[in-house]
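The values are calculated or read from the model by the stated rules, or taken from the named source; none is laboratory data. From a predicted model like this one, the values you see are computed outputs, not experimental measurements. A quick note on method: Cβ atoms are made from the backbone with ideal geometry, for glycine too, and the neighbour counts reach across all protein chains shown.
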Amino acid sequence: MRVPAAPPFVPEAVAQEGLASVSQVRSAGLSDRRLGTLVAHRVWTRPARGVYDTTPAAPRPLSALRRRAAWLALLAYGPEAIAVGSCALALHGIEGLPMTIRPEAALPDADRREPRSTLRLRRFDDGGGLA
């Protein structure tokens, strides 16, 4: 079995604790075939549908692991997603959070979306429908 060559650099993943959406990965030049090879050889992992971990073996401090939970939810649910609860606090650098936090985001149409495994999805009302 051939070991895949080094994966291309995904710039967004640096700011997102090593995580990247499938659209970000494709923008970096990866084909679906190459992406499949990276995951099959465990160079990258797929923690949620549409999200790839570009640095799965990297050691991380606790604060980074918490921010990572937030990024996982945001990337999995797309550009309209908003971090909520402990995830929002982690992104703001608040101390004193539990050691592990569940990935959690909110969407305006959350009641029509299918929740994803360990990710928590909440619904919010932006008040846009009020006169």
Checked segment 93-120 for anything of a type in the set (A, V, I, L, M, F, W, C), modelled with pLDDT of 70 or more, out of contact with any Asp or Glu (no Cβ under 8 Å at 6 or more places or on another chain) and not in a loop (DSSP other than H, G, I, E, B); matches are ALA105, ALA106
Within segment 77-92, tally of residues that are more than 16 Å from PHE124 (Cα to Cα) and at pLDDT below 95: 0
